[in-house]
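Inspection log for the structure reproduced underneath, given as structure tokens.
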Amino acid sequence: MEDQNPWKTLSSDLKYNNNWISVTEHQVINPSGGEGIYGEVHFKNLAIGILPLDEENHTWLVGQYRYPLKAYSWEIPEGGGPFNEEALESAKRELLEETGMTATNWREIQRLHLSNSVSDELSIIYLATGLIEGIAMPEETEQLVVKKLHFDEAYQMVIDGIITDSVSVAAILKVKLLMIENQL
């Protein structure tokens, strides 16, 4: 019963399409038998997140203005990973672009669906350790501020509601749990 689809699609109409997303409007019969519409946003890349952590439990956050929110946001380094590229390779590229760092150790710590009521976006989050600092190379569309801080401060920013980005919140809470369980 759990994997039976109670929705019936009558028709689908692509309403918008660009290099990053497409939006489709579906005419449906919903689980209670009523007719309606369902909008679906398809993402053309993976959402990749990286929590860098050094031997003294410092991490790095990236600050930037997020256009859809009309607000400034502190986040872990993150970006898009093409489906035809290994997710880990995308993570390595994003960490280098946004912070200038490379890492010798990588561990996938979380997969999550972002806003699964309207989109199919999948996020893969990595913990990066064995860090080597270098020079950041952000994309031309990014105006970033990179901040080094103790992991406990980043955790407190989540608890205080300062960090609200879902990938960042999930990564920081997962790493905190791994620390509590002595798995890091």
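The values are calculated or read from the model by the stated rules, or taken from the named source; none is laboratory data. Just so it is clear, the structure is predicted and the values come from calculations on it, not from any experiment. Glycine also receives a Cβ, built like all others from the backbone with ideal geometry; neighbour counts cover every protein chain displayed. Keep in mind that these areas ignore ligands, DNA and RNA; they rest on the heavy atoms of the full protein, side chains included. Shrake-Rupley method; radii C 1.70, N 1.55, O 1.52, S 1.80 Å.
Each helix, a run of at least 4 DSSP H residues, gives -39500 (n - 2.57); summed and divided by the residues of the chain, these come to -6500 deg cm²/dmol at 222 nm. Working from label points 7 Å from Cα in the Cα-to-Cβ sense, the Glu85 to Asp3 distance is 3.2 nm.
Considering only Val169, Val41, Val118, the mean-square fluctuation computed in a Gaussian network model of the chain, springs between alpha carbons under 10 angstrom, is largest for Val118.
Between Tyr65 and Asp152, the simple spin-label model (points 7 angstrom out along Cα→Cβ) gives 3.5 nm. Identify the residues of segment 29-65 with backbone N under 12 Å of a label point that sits 7 angstrom from the Cα of Lys15 along the Cα-to-Cβ direction, or state none. In segment 29-65, the label zone of Lys15 (backbone N under 12 Å from the point 7 Å along Cα→Cβ) covers 37-42. The residues of the chain present an accessible area of 59 Å² per residue when probed at 1.4 Å with all protein chains retained.
Computed over protein heavy atoms with a 1.4 Å probe, the carbon and sulfur contribution to the accessible area of segment 60-161 reaches 51%. For Arg93 and Asn30, a Förster radius of 35 Å and the Cβ-Cβ distance give a FRET efficiency of 0.30, rounded to the nearest 0.05.
Sorted by packing (mean other beta-carbon atoms within 10 Å per residue), highest first, where do 3-10, 177-184 land? All intermediate terms of the calculation are to be shown ahead of the outcome.
On the way: 3-10: 9.0, 177-184: 11.2.
Most protected by this proxy first, the peptides run 177-184, 3-10.
Note on Glu40/Thr164: beta-carbon distance plugged into 1/(1 + (r/R0)^6) with R0 of 22 Å gives a FRET efficiency of 0.35.
Please list, or write none, the lysines whose alpha carbon is within less than 24 Å of the alpha carbon of Lys15, excluding same-chain residues fewer than 8 places away. Straight-line reach from Lys15, under 24 Å: Lys44. Subtracting the Cα-Cα distance of Thr129 and Ser22 from their residue separation scaled by 0.36 nm leaves 35.0 nm.
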